[in-house]
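Undergrad: Below are the structure tokens for one structure; questions will follow.
Rule-based calculations on the coordinates, nothing more; no lab input. These figures come from a predicted structure and were not determined experimentally. We place every Cβ from the backbone using ideal geometry, glycine too, and count neighbours over all the protein chains shown.
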């Protein structure tokens, strides 16, 4: 806010203004045309240069006979529910500039509820918040807009909206803001947003450069890494050799092999210590087992969950744990990793990152992993805040058939489940809620579970609030045939025998969640099936989802069907945050804004 004077900063904060472009985008709510015209326009308010000829009044109506000098004709002024002062002010022979809507009926024109105005041949600009008018007049100049990085044409467009000419106003009264203005608003909005994001990014010296040799580890693996995995490892390696603490998100699709990239990062960090936090103890156990299986024996690894005993963690090179890590006395770590980062709040991620390195002038390298791909446009914007690596390739081809089913398909579904169970395959049935609800037309777990328990053996039941859910999931993995659950199974559990998932009320879930649940099947190349049960006659969203297994394509679909959340604050994951820009359609505008910002940085 360097541009703003100290005395104005509090007023600007109340308006939610942090930058000049924030202020520029507080567009007028209304334009009042006080120009005297020579012809009547019944669609808008008219200004009348009028001499009062005579008046007549009833209890509820004051009729004023006027001569309009600008229209050169007599018209009637009509005031409903007149007050005493109306009769005092309006006297025969007096001349006023009056304003109001003009209507034509029964062969004559009437000026409805006329009000006296003094400033003529002006345009009055009105804003939702009165305080913004004075501030906009003071700071929104062509020079200031161009200093912010807008072109001359863009600056003139924005300036004209706040300082309209009569030509602009007449066009606005016909069609509102035109295509040109809207394109400029979109650009200014996203350019302003990216600019604020880039200022929010902080750079710290790294606690240490991490340059462990990762090649022997990669060569020792019993499988070949995909090109995307290798490229992600190269990105991380480059970060680790920088004097700046890295801040990178590794974004991968379901089953893309993120765990190996995590382990490769630990190898590169060694002999310095690494810490990994994951959202569930099942996932923590899985990664711990993978670490014990693939990491060199010299990297001493420990698993920390809420059940773990207290001990000196300083003896270990790699600490894997759940939220329980937040309640332990942690040693200094030069690498902090968060898996399934979207499952943790911003504050939790910051907390674990900050407690593992005591020198506040330096930072540990920080990597976040996510199996919930985001759209290109979101990544493009958010890359001002963090660096990105993408793992789009899957180590093996998944074969999953996705079908939308209705009540009439239930008999066939039952036959399919019987067949899969007979082959020693496992089935998930996901319900939208635990208990019956009058507001939701689908069965709950409580209503449905007896049906499955009576007809099948080895049926397990759990849900998000079940304290024993993790032990139930573990037991199901070894012994179960059918699991009745809510979306608690969305992330983290590896089930080699899982072939089928049935999602009841599928239209109630976001596409990213549907993709995560579907991603539980066919983890080892087994033929997979995903049934989307819905009572809707048609669902374009589910139809589009059924056509692709690619998480990045699904992220684009999700953006198309529901607006993005607030990247800057991290407060919202859905619901529109932008007024003008459409992230699903305006990729070119976002690219242009991003490029302009990068070019301005190079000049500096």
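Undergrad: Please report 30, 63, 186 as a ranked list, fewest other C-beta atoms within 10 angstrom at the top and most at the bottom. Walk me through the numbers on the way to the answer.
TA: On the way: 30 9, 63 15, 186 20.
Placing the least packed residue first, the sequence is 30, 63, 186.
Undergrad: What distance in nm separates the two pseudo spin-label positions at residue 539 and residue 58, each 7 Å out from Cα along the beta-carbon direction?
TA: Once both label points are built, they end up 6.0 nm from each other.
Undergrad: How large, in Å, is region 400-548 by the Kirkwood hydrodynamic radius built from its alpha-carbon pairs?
TA: Details: mean 1/r = 0.0650 Å⁻¹.
Computed over Cα pairs of region 400-548, the Kirkwood hydrodynamic radius comes out at 15.4 Å.
Undergrad: Going by alpha carbons, how many degrees (0 to 90, nearest 10) lie between the helix axis of 410-422 and the longest principal axis of the chain?
TA: 30 degrees
Undergrad: Separate question: Output the relative contact order of region 215-391, whole-number percent, from Cα pairs under 8 angstrom with separation of 6+ residues.
TA: Details: 280 pairs, mean separation 58.1, N = 177.
Normalised by residue count, the contact order of region 215-391 is 33 percent.
Undergrad: Over the chain, what relative contact order in percent results from Cα pairs under 8 Å that are six or more residues apart? Don't skip to the answer; put the middle values down first.
TA: Details: 1042 pairs, mean separation 71.0, N = 604.
For the chain, the relative contact order is 12 percent.
Undergrad: Working out 0.36 nm times the residue gap between residue 410 and residue 35, then minus their Cα-Cα distance, what length gain in nm do you get to one decimal?
TA: Numbers: separation 375, 0.36 × 375 = 135.00 nm, distance 6.99 nm.
Separation in residues times 0.36 nm, less the Cα-Cα distance, equals 128.0 nm.
Undergrad: In deg cm²/dmol and to the nearest 500, what is the mean residue ellipticity at 222 nm of the chain if only DSSP H runs of at least 4 residues count, each as -39500 (n - 2.57), divided by the residue total?
TA: Roughly -11000 deg cm²/dmol at 222 nm, from the helical runs in the chain.
Undergrad: Please determine, in degrees from 0 to 90 and to the nearest 10, the orientation of helix 130-139 with respect to the longest principal axis defined by the Cα atoms of the chain, where the helix direction is its Cα long axis.
TA: Relative to the chain, helix 130-139 is tipped by roughly 90 degrees.
Undergrad: Using a Förster distance of 51 angstrom, determine the FRET efficiency expected from the C-beta separation of residue 118 and residue 599, and round it to 0.05.
TA: Numbers: r = 49 Å, r/R0 = 0.96.
Efficiency computed from Cβ-Cβ geometry: 0.55.
Undergrad: Quick check: residue separation of residue 43 and residue 399 times 0.36 nm, minus the Cα distance between them. What number comes out in nm? Intermediate results must be reported in sequence, preceding the final value.
TA: Details: separation 356, 0.36 × 356 = 128.16 nm, distance 6.16 nm.
Working it through step by step, the gained length comes to 122.0 nm.
Undergrad: So, R0 is 25 Å and r is the distance between the beta-carbons of residue 160 and residue 138; what FRET efficiency does that work out to, to 0.05? Each step should come with its number before you reach the end.
TA: Numbers: r = 17 Å, r/R0 = 0.70.
For residue 160 and residue 138, the calculated efficiency is 0.90.
Undergrad: Once both axes come from the Cα atoms, what is the angle between helix 179-200 and the longest principal axis of the chain, in degrees from 0 to 90, rounded to 10?
TA: In the chain, helix 179-200 runs at an angle near 50 degrees to the longest axis.
Undergrad: Most exposed first by the Cβ proxy, i.e. fewest other Cβ within 10 Å, how do 402, 462 rank?
TA: Numbers: 402 20, 462 23.
Listing 402, 462 from fewest to most nearby Cβ atoms yields 402, 462.
Undergrad: Of the peptides 466-474, 533-541, how do they stack up when ordered by the mean number of other Cβ atoms within 10 Å, highest first? Mind showing how you got there, number by number?
TA: Values: 466-474: 15.9, 533-541: 13.7.
Averaged packing, sorted descending, gives the order 466-474, 533-541.
Undergrad: Give me 187, 177 ranked fewest to most by other Cβ atoms within 10 Å of their Cβ, as a rough exposure proxy.
TA: Starting with the residue having the fewest Cβ neighbours, the order is 177, 187.
Undergrad: Once you have the Cα-Cα distance between residue 448 and residue 173, take 0.36 nm times their residue separation minus that, and quote the gain in nm to one decimal. Before the final figure, lay out the partial values.
TA: Details: separation 275, 0.36 × 275 = 99.00 nm, distance 5.88 nm.
Computed gain between residue 448 and residue 173 is 93.1 nm.
Undergrad: Moving on. Please figure out what share of the DSSP beta bridges in the chain is antiparallel and state it in percent, rounded to the nearest 5. Please report the intermediate quantities before stating the final value.
TA: Numbers: 34 of 87 bridges.
Once the DSSP bridges in the chain are tallied, antiparallel ones form about 40 percent.
Undergrad: Between residue 382 and residue 91, what is the spin-label point distance in nm, taking each point 7 Å from the Cα along the Cα→C-beta axis?
TA: Going by the 7 Å Cα→Cβ label model, 7.2 nm.
Undergrad: Here is a follow-up. Given just the C-alpha atoms of region 203-294, how large is their convex hull per residue in cubic angstrom? Provide the component values of the computation, followed by the final result.
TA: On the way: hull volume 10.3 nm³, N = 92.
Cα-based convex hull of region 203-294, divided per residue, equals 112 Å³.
Undergrad: If you don't mind, another one. Can you order the peptides 9-21, 417-429, 302-314 by their average number of other Cβ atoms within 10 Å per residue, highest first? Display every interim value, and only then the final one.
TA: Working: 9-21: 15.8, 417-429: 18.1, 302-314: 13.9.
By packing density, highest mean first, the sequence is 417-429, 9-21, 302-314.
Undergrad: Highest mean first, how do 213-219, 54-60, 64-70, 431-437 rank when packing is the count of other Cβ atoms within 10 Å averaged over residues? Mind showing how you got there, number by number?
TA: Values: 213-219: 13.3, 54-60: 10.6, 64-70: 18.9, 431-437: 16.1.
Per-residue Cβ counts within 10 Å, averaged per peptide and sorted highest first, yield 64-70, 431-437, 213-219, 54-60.
Undergrad: Continuing with this model, one more query. Quick one, which of [x] 1.03; [y] 0.94; [z] 1.31 is the actual Cα Rg over 2.2 N^0.38 Å calculated for this model?
TA: Identified label for the calculated read-out: [z].
Undergrad: Follow-up. Using the Kirkwood formula on the Cα atoms of region 24-121, what hydrodynamic radius do you get, in angstrom to one decimal? Working shown, then result.
TA: On the way: mean 1/r = 0.0710 Å⁻¹.
Evaluated on region 24-121, it is 14.1 Å.
Undergrad: Dimensions of region 215-391 along principal axes (Cα, Å, largest first)?
TA: 44, 38, 32
Undergrad: In the calculated pair distance distribution of region 186-239, what percentage of Cα-Cα distances lie above 18 Å? Please list the in-between numbers first.
TA: Values: 849 of 1431 pairs.
So the pairs more than 18 Å apart make up 59 percent of the total in region 186-239.
Undergrad: Say R0 is 41 Å: what FRET efficiency, to the nearest 0.05, do residue 293 and residue 231 get from their beta-carbon distance?
TA: Details: r = 24 Å, r/R0 = 0.58.
It comes out at approximately 0.95.
Undergrad: Can I ask one more? With a cut-off of 8 Å between alpha carbons and a minimum separation of six or more residues, what is the relative contact order of region 45-116 in percent? Display every interim value, and only then the final one.
TA: Numbers: 156 pairs, mean separation 24.9, N = 72.
With pairs under 8 Å counted, the relative contact order is 35 percent.
Undergrad: Going by a ≥ b ≥ c, the root eigenvalues of the Cα gyration tensor, does region 364-407 fall in the rounded group (a/c under 1.5), the prolate group (a/b larger than b/c) or the oblate group? Walk me through the numbers before you get to the answer.
TA: Details: a/c = 2.99, a/b = 1.97, b/c = 1.52.
Prolate.
Undergrad: Could you check the spin-label model distance between residue 241 and residue 392? Points 7 Å from the Cα along Cα→Cβ, value in nm.
TA: Here the modelled spin labels are 2.6 nm apart.
Undergrad: With the Cα gyration tensor of region 143-269 in hand, give its eigenvalues times 5 under a square root as the equivalent ellipsoid semi-axes, listed largest first in whole angstrom. All intermediate terms of the calculation are to be shown ahead of the outcome.
TA: Values: eigenvalues 525, 70, 16 Å².
Result for region 143-269: semi-axes of 51, 19, 9 Å.
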